[in-house]
4 protein chains.
Amino acid sequence: MPRLPVAILGATGAVGQKFVALLAEHPWFEIVQLSASADRVGRRYGDVVRWRETTPLPPELARIVMTEAVPTGAARLAFSALDAAVAREVEPAFARAGALVVSNASAFRMAADVPLLIPEVNADHLALLDTQRRVRGWSGGIIANPNCSTAILITALAPLHRAFGVRRLTVATLQAASGAGYPGVPSLDLLDNVIPWIGGEEEKLAEETRKLLGTLEETVVRAAPITASVMVHRVPVTDGHMVSASVEFQTAPSVDDALQALRAFRGSERVAGLPTSPLPPIEVEMRDDRPQTRLDRDRGMGMAVTVGRVRPCPVGHLRFTALGHNLVRGAAGAAVQNAELLVAAGYA
Amino acid sequence: MPRLPVAILGATGAVGQKFVALLAEHPWFEIVQLSASADRVGRRYGDVVRWRETTPLPPELARIVMTEAVPTGAARLAFSALDAAVAREVEPAFARAGALVVSNASAFRMAADVPLLIPEVNADHLALLDTQRRVRGWSGGIIANPNCSTAILITALAPLHRAFGVRRLTVATLQAASGAGYPGVPSLDLLDNVIPWIGGEEEKLAEETRKLLGTLEETVVRAAPITASVMVHRVPVTDGHMVSASVEFQTAPSVDDALQALRAFRGSERVAGLPTSPLPPIEVEMRDDRPQTRLDRDRGMGMAVTVGRVRPCPVGHLRFTALGHNLVRGAAGAAVQNAELLVAAGYA
Amino acid sequence: MPRLPVAILGATGAVGQKFVALLAEHPWFEIVQLSASADRVGRRYGDVVRWRETTPLPPELARIVMTEAVPTGAARLAFSALDAAVAREVEPAFARAGALVVSNASAFRMAADVPLLIPEVNADHLALLDTQRRVRGWSGGIIANPNCSTAILITALAPLHRAFGVRRLTVATLQAASGAGYPGVPSLDLLDNVIPWIGGEEEKLAEETRKLLGTLEETVVRAAPITASVMVHRVPVTDGHMVSASVEFQTAPSVDDALQALRAFRGSERVAGLPTSPLPPIEVEMRDDRPQTRLDRDRGMGMAVTVGRVRPCPVGHLRFTALGHNLVRGAAGAAVQNAELLVAAGYA
Amino acid sequence: MPRLPVAILGATGAVGQKFVALLAEHPWFEIVQLSASADRVGRRYGDVVRWRETTPLPPELARIVMTEAVPTGAARLAFSALDAAVAREVEPAFARAGALVVSNASAFRMAADVPLLIPEVNADHLALLDTQRRVRGWSGGIIANPNCSTAILITALAPLHRAFGVRRLTVATLQAASGAGYPGVPSLDLLDNVIPWIGGEEEKLAEETRKLLGTLEETVVRAAPITASVMVHRVPVTDGHMVSASVEFQTAPSVDDALQALRAFRGSERVAGLPTSPLPPIEVEMRDDRPQTRLDRDRGMGMAVTVGRVRPCPVGHLRFTALGHNLVRGAAGAAVQNAELLVAAGYA
């Protein structure tokens, strides 16, 4: 099968580089376009990028001459690592020109006709894409993956929600430096320090949760009636977001019930067969002091979420801690898996 | 006024060294006894201690010959930095021999007749000491300060509890390496890592909260009816514990009400006049990204608690983040302030 | 004595803030002017600065309205925390207008008629200021302190050079994040990482060493004939630069000879009496594992250099490790001490 | 080909776990014995080990029942991750019993008849094994890999020594926490800190350098006449040792000469064909700010050494910085490669 030609929009940043690293040897996709800001257009990717992945940059990708973020027709699918403000302009242009935009940006996540997807959780929401094309008159389209912390939390929460119905949720996050991109957070703000604030993050986590766990009804997603309170923290680690949660359910589960639901969690057969889908999506830890950021972030090639410390909660019903790789399960890996779902579902 | 002769029990550990540093120039107390484990007895403190405070060890203290942790009669008051298991034996021996034991250990914190004190919060609980002496037949006695995270949380929570009545509480902690003492946590467990577990800490925080905010009724403290859910994390910082809380009250306060209560918080006149009492005990931060661990832990000489990010909570009524120095407000400084209260109240 | 009115040029950066913190309660100087980049001019310092010092910003300084970096006549002395490129224009303008510029910038450090000073080391070089005024026709003038690593190395090396004559020098530095200012180094470049490169630093260290240890001959400084090889590294610490050196001397000293020279090192009587001069300037450590960055950087209020691990060297004669606070002894503190020397010597 | 049955001595520590991880899927070796300290003997490895590798522990290895460190006959080859003191007793016992001991311990590294090997550098030294067997009357034998920093330095230095003859060497190391094993260095000693001391390390690096670069003459290795001065530092990184060197040669090379020698460096054909040998063994970096610890330590699966910043040296002839993974190229990986060499050379 010839590989599908794809573009990476915003290819020099932290998420952009992760896209390049993940797609370098992808069985279904072939990078044919890399976009960057105006001052870098016309230069070779390898000469421009300050490559920070630990795998080497393949020479054939280093040679690609960078373009502006405009549809050239070369790519049938575009991965977007753009900032939200830029994405708001660029992504519709690609969709209008017939490309499928698989976006990591927040620009359209909460738009009613844009599927916000975690394949194991709500692959059925992909049906919104048909509405989107009809309403907007696009031959392409936009699909989005959630914010990094949300992706990790909701992967862990989905099987519990299905089985017991989440009602209220109090979440504390401990997020890595790479979640802010590069250059991102100054080292003087993170060495020997914690910052209890990330602009807009608490609101995103709450509202994306309701959409992701919502129910597809005909052409709309009805938000899940979940009240969520989020307290974010940036901590001095390189990669890996941890989320600790206290959850109140409609039906109170025992710890054993919860563990069983977490362990049994699988995507649909279609989803489980995608090249980037981890098996299992959730790894359950029984050791008291796990998950730990550095030790567990790379499980399932960075796509698995590790859940541990499942225990009763005096305020809600259960507490647990989940951990995942913010640049993989929480960003570029999530988008690649979404793109694979588009292919498997016949959209691309 | 001649200074009161005091002992430090467990003088070589992290909290023990902090005691020595804080008492080196104290106007009311004079160190006359330093105890250590058996293999160090008979040697000079300066030759034995692996001094890690950044202020120099005063030569006259370096010359003190270490003793076992037994009452010699030299000290009228003993600061205990002992492990809980050792404290359970040693502290009653001192109390029986007529010394006042001001303990940082957890051994007797929850005993019904032992005052668990934060002077600005519940100085009246000191009256338990009379009961304790009567019941146990001691001429001395034991008083305790809370666990490090509890001290920081409750300093912040007390004015809100007084004004609005705390009902339910969900707390996430982000605790420093020094909270585990020295050698404590291996560097391989904390560099680029977070550990969501500290043995026994979640239970301590919940039960000490109820005692500290409880009501003195004749000779007993009636626990405050607060349901608390705690999720602890050890993060890679040297000093300074952060706690983020979601709180439900009996009477819902506005953010402005809460800020006013926090800003107005003071200890009694007696407490405010103690040498170690910070003024004010709570520093309120309005900057979005504060408190931060490294920047705010030394406020008020390490005795002030900085509270920021006071904002509404979708699940409870309010969220906030508090930060304090775990070895000062959370341990040695708290004990010194407690000892000062004993003196000011005429017990010593 | 009325305090001398002073300006701080570049007052919002890391070194600028350190100037404000050090001068806030200075007995000889009073801040009357604070300059910043054009977009901040006309606004109050407290509203503009992202204050990151751990001591609070005094309200009377917070109220100062910021100016451009131009001489207004209000300040008789100006502390410069400007970038080299800006300093090249601004500092001569102040000197021409009659102000004494005490600069932390590298712009004029190596100019033949600009004194490059560490008061304990080469206070006599201050005489270059007379030449400078005569040659340039300035009523004010410029004096400079060395680069941060150089200041720490040369404080340690000066007594050894005086006694035994340094011939060859191989130096490795381990430098803190704050040496690069704020925002400076991205956290993704320093968490769990070392960078063996700082642009221009190795050259500065070598050439400033020769000037600082050079000999004043009439109106010029003859550079010391020292061959220096420097290997710099940025390491993940907040503050504190460490330098390890292998030294070959003209006269081979024993370790004891060297320790004695280090311990006996003092500035002149005039220098030792300056408010900012630490006593002693060098603290000698005999413990195997010291100096350590976090434990020793604040000695002598950040102005003392700690020297340890003095031992024979198979390639040169001696090896040692020196440590100091890069923002105090290595930048703002050094400039304040230089300004005090100007006053004591009758220039201001 | 049936896989050779091997033992891992000291299997629960940091290096021991790395052995297990590296050998889990090794094409030539099969783990049949795991030894640990007395209190763990008789229990299953998976129940005893505090597994800290990021790859999962294979279930079939988790089931192995641990033995004392005594030869049972089951293993024909034993990897030793023992402490030096224990190794001094145990390793000869295995060698006497006919096993080949491939040791990471320092116990016998400098023994005249023990090959100290880096396969790309001095595979010919393996011939010492014949002498060893003859002299000691062993049917097995002991071979050793160097200390972690030495392995990284000498891999980089070997091609330069071959081409230009190293005469004098001044080296600064910046070593990771994992070099001290687990629990190793307390986090309070490494967070926001540097320690300029590691017991015995400076001496090891100097003397092992002379042996590794020495010349095999009949049955002895004549040490290379290299004067080496080493200054070690422990820095707050998890894995990866950096060494920066100033080198004086017999024949002064240009930077280009040196780069060419580094790039052309290969092991013998036999060595290059070993499963664990990286290709190339040295990766040359031309970017100013590389190598960096976190970004480059995993090159060549942790077996490649990255060399950068090759530049002239005012004191010697050249300066450079080399970086490698201390637990792979510097410990377990080195031993596995040595064992492979034994097999390829017909000893096992």
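Here are a few things to note about the model shown:
- Set A:Glu207, A:Glu248: member being within 14 Å of chain B (Cβ to nearest Cβ), under 20 Å from A:Pro159 (Cα atoms), more than 21 Å from the chain's Cα centre (by Cα) and not small (Gly, Ala, Ser): A:Glu248
- Residue list for region C:5-37, filter: more than 21 Å from the chain's Cα centre (by Cα) and at pLDDT 95 or above: C:Pro5, C:Val32, C:Gln33
- Unmet requirement for B:Val328, which otherwise passes all of (1) touching a strand residue (DSSP E or B) at 6+ places or on another chain (Cβ under 8 Å); (2) β-branched (Val, Ile, Thr); (3) within 18 Å of B:Ser178 (Cβ to Cβ): (1)
- Boolean, A:Pro314 is under 25 Å from A:Phe164 (Cα atoms) and in contact with a Gly (Cβ under 9 Å, 6 or more places away or on another chain): no
- Among the residues of region B:24-41, those identified as surrounded by fewer than 21 Cβ atoms within 10 Å (Cβ to Cβ) and aliphatic (A, V, I, L, M) are B:Ala24, B:Val32, B:Ala38, B:Val41.
- With respect to being touching a Pro at 6+ places or on another chain (Cβ under 6 Å), under 22 Å from C:Ala144 (Cβ atoms) and either assigned to a helix (DSSP H, G or I) or at pLDDT 95 or above (or both), C:Leu323 falls outside the description.
- Scan region A:314-348 for residues that are on the phi > 0 side of the Ramachandran plot and of a type in the set (Lys, Arg) and the total you get is 0.
- Residue ID - nearest to the chain's Cα centre (by Cα), chosen from residues in region B:48-72 that are surrounded by 16 or more Cβ atoms within 10 Å (Cβ to Cβ) and in a helix (DSSP H, G or I): B:Leu61
- Taking the criterion of being closer than 17 Å to A:Gly273 by Cβ and among the small types (Gly, Ala, Ser), the residues of region A:300-333 that qualify are A:Gly300, A:Ala304, A:Gly333.
- The helices (runs of 4 or more DSSP H) found wholly in region C:73-175 and carrying at least 1 residues that are out of contact with any His (no Cβ under 6 Å at 6 or more places or on another chain) and within 30 Å of D:Arg319 (Cα to Cα) occupy C:84-96, C:119-122, C:148-164.
- Tallying residues that are away from chain D (no Cβ under 13 Å) and in a loop (DSSP other than H, G, I, E, B) within region C:290-314 yields 2.
- Sole exception among (1) surrounded by fewer than 20 Cβ atoms within 10 Å (Cβ to Cβ); (2) in contact with a helix residue (DSSP H, G or I) (Cβ under 9 Å, 6 or more places away or on another chain); (3) part of a loop (DSSP other than H, G, I, E, B) for B:Ser277, by number: (1)
- Test result for D:Gly165, touching a residue at least 60 places away in the same chain (Cβ under 8 Å), touching a Cys at 6+ places or on another chain (Cβ under 6 Å) and in the same structural domain as D:Val255 (by TED's automatic domain parsing): no
- Residues within region C:176-204 that are within 12 Å of chain A (Cβ to nearest Cβ), under 21 Å from the mean Cα position of the chain (by Cα) and not small (Gly, Ala, Ser), tallied: 3
- For B:Ala11, the test of being surrounded by 24 or more Cβ atoms within 10 Å (Cβ to Cβ), in a loop (DSSP other than H, G, I, E, B) and at negative phi is passed.
- Residue among A:Arg266, A:Arg287 that is facing chain B (nearest Cβ under 10 Å), part of a loop (DSSP other than H, G, I, E, B) and surrounded by fewer than 24 Cβ atoms within 10 Å (Cβ to Cβ): A:Arg287
- Residue in region B:138-154 that is more than 15 Å from the chain's Cα centre (by Cα) and of a type in the set (S, T, N, Q) present: yes
- Region B:315-337 - residue that is touching a Leu at 6+ places or on another chain (Cβ under 9 Å), more than 21 Å from B:Thr54 (Cβ to Cβ) and not aliphatic (A, V, I, L, M) and, of those, farthest from the other protein chains (Cβ to nearest Cβ): B:Gln337
- Test for C:Ala97: is it more than 30 Å from B:Asp298 (Cα to Cα), surrounded by fewer than 19 Cβ atoms within 10 Å (Cβ to Cβ), small (Gly, Ala, Ser) and touching a Pro at 6+ places or on another chain (Cβ under 9 Å): yes
- Those residues of region C:244-256 which are small (Gly, Ala, Ser) and without any contact (Cβ under 8 Å) to a residue 60 or more places away in the chain, in sequence order: C:Ser254
- Complete set of residues in region B:302-321 that are aliphatic (A, V, I, L, M) and in contact with a strand residue (DSSP E or B) (Cβ under 6 Å, 6 or more places away or on another chain): B:Ala304, B:Val305, B:Val307, B:Val310, B:Val315, B:Leu318
- A:Thr306 crowded, with 24+ Cβ neighbours inside 10 Å, among the hydroxyl-bearing types (Ser, Thr, Tyr) and under 17 Å from the mean Cα position of the chain (by Cα): yes
- Check on C:Ser229, among the small types (Gly, Ala, Ser) and more than 14 Å from chain A (Cβ to nearest Cβ): yes
- The strands (runs of 3 or more DSSP E) located wholly in region B:200-243 that include 1 or more residues which are over 29 Å from D:Thr238 (Cβ atoms), of a type in the set (S, T, N, Q) and free of Cβ contacts under 8 Å to residues at least 40 places away in the same chain occupy B:215-217.
- Some residue of region D:38-47 being closer than 22 Å to D:Ala177 by Cβ and either within 23 Å of the chain's Cα centre (by Cα) or not in a strand (DSSP E or B) (or both): no
- All positions within region C:273-308 that are without any contact (Cβ under 8 Å) to a residue 24 or more places away in the chain, touching a Lys or Arg at 6+ places or on another chain (Cβ under 7 Å) and under 21 Å from C:Leu160 (Cα atoms): none
The values are calculated or read from the model by the stated rules, or taken from the named source; none is laboratory data. This is a predicted model, so every value here is computed, not measured. Counting neighbours? That spans all protein chains shown, and the Cβs are built from the backbone with ideal geometry, glycine included.
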